[in-house]
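Reading through the structure tokens given below for one structure.
The values are calculated or read from the model by the stated rules, or taken from the named source; none is laboratory data. Since we're looking at a predicted model, the values are computed, not measured. Cβ coordinates were reconstructed from backbone atoms using ideal geometry, including for glycine residues, and neighbour counts include every protein chain displayed.
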Amino acid sequence: MVNLSKIAPEIGRVLAAAAALCGIILIAVMTRLVNVPLNDQLMTWNASSPPANLRELWAPWERVDTIRTIVAICAFIMEVLALSLRGYDKSHSSPEQAA
């Protein structure tokens, strides 16, 4: 019979780490597809006379930056969860299993 108390933390740890990795990959993709092109465009502007529609041009950057921040916080929480479940596994092992 399978002891679920040993398997559940392991599955949770793997899922939390996988979710964190997916979040980090999503952040990198969003940065590459939205932020980098907008930053490149920004470098061509004259600081003394920015475009008249600056707010419209910058709106996608702000939206993606907000989403990236939320995803980064969630990925961090998933990493902390994965690491805390790792500690949970070690602290709940019996002395007979350690030998």
Inset, instruction - Collect the residues in the stretch 30-54 that are under 28 Å from the mean Cα position of the chain (by Cα) and exposed (fewer than 10 other Cβ atoms within 10 Å of the Cβ), keeping them in residue-number order. - result: ASP40, MET43
Inset, instruction - Please work out if GLY12 is surrounded by 12 or more Cβ atoms within 10 Å (Cβ to Cβ), small (Gly, Ala, Ser), at pLDDT below 85 and in contact with a helix residue (DSSP H, G or I) (Cβ under 8 Å, 6 or more places away or on another chain). - result: yes
